[in-house]
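Student: One structure follows; several queries about it will come next.
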Amino acid sequence: MITHMPTLVSLRAFEAVARHKSFRKAADEICVTHAAISHQIKALETTIGVQLLERTSRSVELTPAGEQYYPPIREHIQGIIKATRRVQAPEEPEVLLVQSYASFNTMWLQLRLADFLQENPNTRVRIVSTFEDGDYDMHRFDVGVFNAPPFDKRFDYRPLFETDIYPVCAPETLSDPSRSISLEELKNFLLLSIPSTWNEPDDWDLWLDAAGLNRKTMKFGTVFDNYPLVREAVLNNQGISISRAPFCARDLERGRLVRPFDISVSEPGRWYLATQKERAPNLNLDTFVDWLFAQIEADPTMRFFAA
């Protein structure tokens, strides 16, 4: 059987449409017209003889075949993009690359990193942020901090920490910030969230269940891509969100955020430290890892766990 290979241009268009669930957004990203994207998708489906997308007047959804086709295509397209970027702007060999989610980097790590750099003035650190679980690029980090189950055989994983989650809001959201609101009153507020990952339960589902509340009686608002975005919305008095304890500790201390309830639950998932299995000895890396574990041990909002 002869396999008719699609063009890279058509695969790039498919990957963008499938990721955005939008022809317009895909066209904007690739800097082509909507018609050009549509033409490439049609050419791809004609070449492989399979329908990949269901188009309606308002949305784009993957067919069962598209669901099967998309993950490996995305992996390879993103790999080509990243490899191209590395060739265009190679990393400096003496820089320690630390990769984690934007939430961990901006809401916890960067608040402490100045102390590490002051104690280790000869070590240069570059922070690499990702917004998706499993978006590991072994050429883009020396050490990674991820809230995901170990799954990639290229890396060694060490248990790092676990923590709690609970609702937070701006003081202005409450009519009387000096007192907690009743659980029943929560249905009068807009609840903000981010998507759940790794098939873990939704943060709000976990917390509402612990509080004995029915999700169906609640009002849910915008779903954000990441915690830094939802934090900004909460600080701007747009609603109440669930937060990880380490990521809101400073805002709570400074009174920028308040906890309307005392109920907290364990976060669905644990945090791991990842390093490449095949790597050269790196004293700067060892020093950073030791410092990171010491910082976590000193943080009352975090706790170690056994593997």
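The values are calculated or read from the model by the stated rules, or taken from the named source; none is laboratory data. Model, not experiment: these values are computed from the prediction. Every residue, glycine among them, receives a Cβ derived from its backbone with ideal geometry; neighbour counts consider all protein chains shown.
Student: From the set of residues in region 1-27 that are within 28 Å of the chain's Cα centre (by Cα) and among the polar types (S, T, N, Q), which is surrounded by the most Cβ atoms within 10 Å (Cβ to Cβ)?
Tutor: Ser10
Student: Among the candidates Gly269, Gly255, which residue alone is part of a loop (DSSP other than H, G, I, E, B), buried (at least 16 other Cβ atoms within 10 Å of the Cβ) and not aliphatic (A, V, I, L, M)?
Tutor: Numbers: Gly255 fails: buried (at least 16 other Cβ atoms within 10 Å of the Cβ).
When all the criteria are applied, what remains is Gly269.
Student: Among the listed residues Ala65, Ala83, identify the single one that is in a helix (DSSP H, G or I), modelled with pLDDT of 90 or more and closer than 20 Å to Ala13 by Cβ.
Tutor: On the way: Ala83 fails: modelled with pLDDT of 90 or more.
So the residue among Ala65, Ala83 that is in a helix (DSSP H, G or I), modelled with pLDDT of 90 or more and closer than 20 Å to Ala13 by Cβ is Ala65.
Student: Look through Ala18, Ala13, Ala27, Ala35 and report the one residue that is modelled with pLDDT of 85 or more, in contact with a Gly (Cβ under 7 Å, 6 or more places away or on another chain), more than 30 Å from Gln276 (Cα to Cα) and part of a helix (DSSP H, G or I). If you could, list the steps in order and put the result at the bottom.
Tutor: Working: Ala13 fails: in contact with a Gly (Cβ under 7 Å, 6 or more places away or on another chain); Ala27 fails: in contact with a Gly (Cβ under 7 Å, 6 or more places away or on another chain); Ala35 fails: in contact with a Gly (Cβ under 7 Å, 6 or more places away or on another chain).
Checking each option against the conditions leaves just Ala18.
Student: Continuing with this model, one more query. Any idea how many residues of region 96-129 are outside any helix (DSSP H, G or I) and either touching a residue at least 40 places away in the same chain (Cβ under 8 Å) or of a type outside the set (D, E, K, R) (or both)?
Tutor: Of region 96-129, the ones outside any helix (DSSP H, G or I) are 96-101, 120-129.
Next, only the ones that are either touching a residue at least 40 places away in the same chain (Cβ under 8 Å) or of a type outside the set (D, E, K, R) (or both) stay: 96-101, 120-123, 125, 127-129.
Of the residues in that region, 14 qualify.
Student: Can you name the residue in region 272-303 that is in contact with a helix residue (DSSP H, G or I) (Cβ under 7 Å, 6 or more places away or on another chain) and within 24 Å of Tyr166 (Cβ to Cβ) and is also surrounded by the most Cβ atoms within 10 Å (Cβ to Cβ) among such residues?
Tutor: Met302
Student: List, please: which pairs have Cβ atoms under 7 Å, are six or more places apart or on different chains, and start with a residue in region 229-253 that is in the same structural domain as Asp202 (by TED's automatic domain parsing) and end with one that is modelled with pLDDT of 95 or more and acidic (Asp, Glu)?
Tutor: As it stands, the answer is Ala245/Asp164; Pro246/Asp299, since those pairs meet every condition given.
Student: Moving on. Sort through Lys42, Lys25 and tell me the only one that's of a type in the set (Lys, Arg), free of Cβ contacts under 8 Å to residues at least 40 places away in the same chain and in contact with a Lys or Arg (Cβ under 9 Å, 6 or more places away or on another chain). Give the steps one after another, and end with the answer.
Tutor: Working: Lys42 fails: in contact with a Lys or Arg (Cβ under 9 Å, 6 or more places away or on another chain).
After ruling out the rest, the residue left standing is Lys25.
Student: Would you check which residues across region 197-234 are assigned to a helix (DSSP H, G or I) and touching a Leu at 6+ places or on another chain (Cβ under 7 Å) and list them? Full working, then the answer.
Tutor: As a first pass, look at region 197-234 and keep what is assigned to a helix (DSSP H, G or I): 203-211, 215-217, 227-234.
Across region 197-234, the qualifying residues are Trp204, Ala211, Arg215, Val230, Ala233, Val234.
Student: Follow-up question, since we're still on this one. Hey, can you tell me all the residues within region 208-232 that are within 21 Å of Arg256 (Cβ to Cβ) and surrounded by 15 or more Cβ atoms within 10 Å (Cβ to Cβ)?
Tutor: Residues of region 208-232 within 21 Å of Arg256 (Cβ to Cβ): 221-222, 224, 226-232.
Result: Gly221, Thr222, Phe224, Asn226, Tyr227, Pro228, Leu229, Val230, Arg231.
Student: Testing Arg55 on (1) surrounded by fewer than 16 Cβ atoms within 10 Å (Cβ to Cβ); (2) closer than 21 Å to Asp225 by Cα, one condition comes back false. Which one is that?
Tutor: Going through the list (1) surrounded by fewer than 16 Cβ atoms within 10 Å (Cβ to Cβ); (2) closer than 21 Å to Asp225 by Cα, Arg55 breaks only (2).
Student: Collect the residues in region 236-252 that are over 16 Å from the mean Cα position of the chain (by Cα), surrounded by 17 or more Cβ atoms within 10 Å (Cβ to Cβ) and among the hydrophobic types (A, V, I, L, M, F, W, C), keeping them in residue-number order.
Tutor: Residues satisfying the conditions are Ile240, Ala245, Cys248, Ala249.
Student: Please work out which residue is nearest to Asp299 (Cα to Cα), limiting yourself to region 272-286 and to residues that are out of contact with any strand residue (DSSP E or B) (no Cβ under 9 Å at 6 or more places or on another chain) and outside any loop (DSSP other than H, G, I, E, B).
Tutor: First pass over region 272-286, keeping only residues out of contact with any strand residue (DSSP E or B) (no Cβ under 9 Å at 6 or more places or on another chain): 278-281, 283, 286.
Filter once more, keeping what is outside any loop (DSSP other than H, G, I, E, B): 283, 286.
On the way: Leu283: 25, Asp286: 20 Å.
Per the stated criteria, the residue is Asp286.
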